[in-house]
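S.K.: One structure, as structure tokens, below. Some questions next.
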Amino acid sequence: MTTRDRHHCQFIPPYLIERLQPPPLVERDRQLRSARAAGPRTAPQGAVGGAAWVVHTCSNTAALPGDVVRSAGDPESGDAAVDEAASGIEATLALWSEVFGRSSFDGQGASVSVSVHYEQGYDNAFWDGTQLVFGDGDGEIFGRFTKPVDVLGHEFAHAVTERTAGLTYQGQSGALNESVSDVFGSCLKQRLLGQRADEADWLIGEGIFLPGVQARALRDMAHPGTAYDDPRLGKDPQVGHMDDYVDTADDNGGVHTNSGIPNRAFQLAATGIGGTSWDGAGRIWYAALTGGHVGADADFAAFAAATVAAAGDHAEVVSGAWKEVGVDGSTSSGAGPAPGASSTTVAVKRSGGFAGLTKEGVVDLDGDDERAGELRDLVVRVDVASLSGGTAGADRFVYDFDLCGAQCRVPEQHLTPDLHRIAQLVLR
């Protein structure tokens, strides 16, 4: 993964978030963009003094990393999100150290910076290249993103992938990037529960939804596509076999949708090998990720071959798991065009995020929509040709704009203030 690919790996897929939540408030987003424009930080502020981890609070602003609340060795703070993050990161570091022999995400004992209470009603969690960041949820659909420990484990694994295979966050390599995070998030959860692979529920993000939402979790590794079916969320769109592979321009090529295929392969391998997921298939997946045989643009077939090569006596079980999900060769995923619009309309599509939902909107500037006047002023200020777009990070939103016929795709972290306001108006 190149430097520009490494930042901003979010948990909720765009196709879910965009259905439920408008973009963050303009001022908060402007503050975040300003911080991002300065480039990646060499070390998270506050993560000093040799502490294995430091938890900060953003106090419901977008200012990162926020104020230090608790560090390794400190007693509980009484703040549920802070203490969940603290216990989660301690358990995560223990998993990677005690099972895989890896010291922190970089393998060299880097202090882990964690920020909670990010923005207000923020429905996501992400790794931004230097730290883990968690929202509190909107209070209607989502609760705290620190509550399910596998969410934290998922985001931490993005940091490990960044420093090892560096899987590009697009198409099949992006789906592998997402799946690897689900794999190690699930290993973490099962280890804390003391479960064997055949005892586990294989749910990702169980407990993240609030009462009244018709959902068991965000994803089901054993049965992709069955985690939720709710009037507000829609139906879980994940697929679990190559026959159902989704070619789409949304969500960086459907990374959260198609990750169900390698997720299912891991679950089959783990239960086929027996014992615990972290000591069995988990060690094999880690060896494949770090063995130098998986390139940044690896497809499912390439990653499958690496796991079979690392499986030793379990090679037949692992090979059979991949064949069960239809992985015998490569299938490419493409990027489609931006949403269509006529010369008098402004259209916006938002995809990505940990939940992977998509949200779309269109405003006719010649109509009587109350938003048309402000949008006209904004559109004339945007020079689409000058927008470089940039590369999306894991679990971050991606926006497709059609501004009266001029089209562009811009990752969340590269939105200009004018584009952010356009998205806010059209997707409100």
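S.K.: Of 146, 92, 164, which residue is modelled with pLDDT of 95 or more and surrounded by fewer than 24 Cβ atoms within 10 Å (Cβ to Cβ)?
M.R.: 164
S.K.: Still on this structure, I have one more. Could you figure out which of (1) surrounded by fewer than 24 Cβ atoms within 10 Å (Cβ to Cβ); (2) within 24 Å of residue 112 (Cα to Cα); (3) of a type outside the set (A, V, I, L, M, F, W, C) isn't true of residue 155?
M.R.: Exception for residue 155: condition (1).
S.K.: With the requirement that a residue be assigned to a loop (DSSP other than H, G, I, E, B) and of a type in the set (A, V, I, L, M, F, W, C), what does the stretch 315-329 give you?
M.R.: Residues satisfying the conditions are 325, 327.
S.K.: Right, something else. What are the residue pairs meeting all of these: first residue in the stretch 208-228, first residue under 15 Å from residue 140 (Cα atoms), second residue of a type in the set (Lys, Arg), Cβ atoms under 8 Å, and 6 or more apart or on different chains?
M.R.: Once the first residue is under 15 Å from residue 140 (Cα atoms) and sits in the stretch 208-228, its partners that are of a type in the set (Lys, Arg) give 208/147; 213/232.
Residue-wise test of (1) over 23 Å from residue 177 (Cα atoms); (2) touching a residue at least 40 places away in the same chain (Cβ under 8 Å); (3) of a type in the set (Ser, Thr, Tyr).
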{"site": "72", "(1), (2), (3)": "yes, no, no"}
{"site": "77", "(1), (2), (3)": "yes, no, yes"}
{"site": "119", "(1), (2), (3)": "yes, yes, no"}
{"site": "126", "(1), (2), (3)": "no, yes, no"}
{"site": "132", "(1), (2), (3)": "no, yes, no"}
{"site": "135", "(1), (2), (3)": "no, no, no"}
{"site": "142", "(1), (2), (3)": "yes, yes, no"}
{"site": "152", "(1), (2), (3)": "no, yes, no"}
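S.K.: Here's a follow-up. With 191, 144 as the choices, which residue is assigned to a helix (DSSP H, G or I) and out of contact with any Pro (no Cβ under 8 Å at 6 or more places or on another chain)?
M.R.: 191
S.K.: Here's something else I'd like to know. Report yes if residue 186 is outside the structural domain of residue 63 (by TED's automatic domain parsing), polar (S, T, N, Q), modelled with pLDDT of 95 or more and part of a helix (DSSP H, G or I), otherwise no.
M.R.: yes
S.K.: Might you let me know whether the stretch 277-295 holds any residue that is aliphatic (A, V, I, L, M), free of Cβ contacts under 8 Å to residues at least 40 places away in the same chain, closer than 18 Å to residue 242 by Cβ and surrounded by fewer than 24 Cβ atoms within 10 Å (Cβ to Cβ)?
M.R.: No, every residue in the stretch 277-295 fails to be aliphatic (A, V, I, L, M), free of Cβ contacts under 8 Å to residues at least 40 places away in the same chain, closer than 18 Å to residue 242 by Cβ and surrounded by fewer than 24 Cβ atoms within 10 Å (Cβ to Cβ).
S.K.: Has the stretch 83-91 got at least one residue that is closer than 18 Å to residue 208 by Cβ, touching a Gly at 6+ places or on another chain (Cβ under 8 Å) and among the charged types (D, E, K, R)?
M.R.: The answer is no, given that none of the residues of the stretch 83-91 is closer than 18 Å to residue 208 by Cβ, touching a Gly at 6+ places or on another chain (Cβ under 8 Å) and among the charged types (D, E, K, R).
S.K.: OK, next. Return a yes/no flag: does the stretch 254-271 have any residue that is in contact with a Gly (Cβ under 7 Å, 6 or more places away or on another chain) and over 23 Å from residue 168 (Cα atoms).
M.R.: Yes, the stretch 254-271 has at least one match.
S.K.: Specify the residue that is surrounded by the fewest Cβ atoms within 10 Å (Cβ to Cβ); the eligible residues are those in the stretch 340-365 that are modelled with pLDDT under 85 and over 21 Å from residue 169 (Cβ atoms).
M.R.: Ranking the candidates gives 343 first.
S.K.: Taking interchain pairs and intrachain pairs at least six residues apart, which have beta carbon atoms under 7 angstrom, with the first residue in the stretch 50-64 and outside any strand (DSSP E or B) and buried (at least 21 other Cβ atoms within 10 Å of the Cβ) and the second modelled with pLDDT under 95 and basic (Lys, Arg)?
M.R.: Once the first residue is outside any strand (DSSP E or B) and buried (at least 21 other Cβ atoms within 10 Å of the Cβ) and sits in the stretch 50-64, its partners that are modelled with pLDDT under 95 and basic (Lys, Arg) give 62/28.
S.K.: State which residue is surrounded by the most Cβ atoms within 10 Å (Cβ to Cβ) when the search covers only the stretch 227-243 and only residues that are under 19 Å from the mean Cα position of the chain (by Cα) and outside any strand (DSSP E or B).
M.R.: Per the stated criteria, the residue is 238.
S.K.: Check residue 395 against each of (1) at pLDDT 80 or above; (2) at positive phi; (3) surrounded by fewer than 18 Cβ atoms within 10 Å (Cβ to Cβ) and name the one condition it does not meet.
M.R.: Among (1) at pLDDT 80 or above; (2) at positive phi; (3) surrounded by fewer than 18 Cβ atoms within 10 Å (Cβ to Cβ), residue 395 violates only (3).
S.K.: Test of understanding: among 158, 154, 117, which residue is outside any helix (DSSP H, G or I) and not assigned by TED's automatic domain parsing to the domain that holds residue 213?
M.R.: Going through 158, 154, 117 in turn, the sole match is 117.
S.K.: Determine the pairs where a residue that is on the phi > 0 side of the Ramachandran plot, located within the stretch 318-329, has a partner that is surrounded by 14 or more Cβ atoms within 10 Å (Cβ to Cβ) and not small (Gly, Ala, Ser) with Cβ atoms under 8 Å apart, the partner being 6 or more residues away or on another chain.
M.R.: Within 8 Å, the pairs are 326/241; 326/242; 326/261.
S.K.: Condition first: aliphatic (A, V, I, L, M) and part of a helix (DSSP H, G or I). Now tell me which residues in the stretch 304-314 satisfy that.
M.R.: 304, 305, 306, 308, 309, 310
The values are calculated or read from the model by the stated rules, or taken from the named source; none is laboratory data. Here the structure is a predicted model, which means the values were calculated and not measured. FYI the Cβ positions are ideal-geometry reconstructions off the backbone, even for glycines, and counts take in every protein chain you see.
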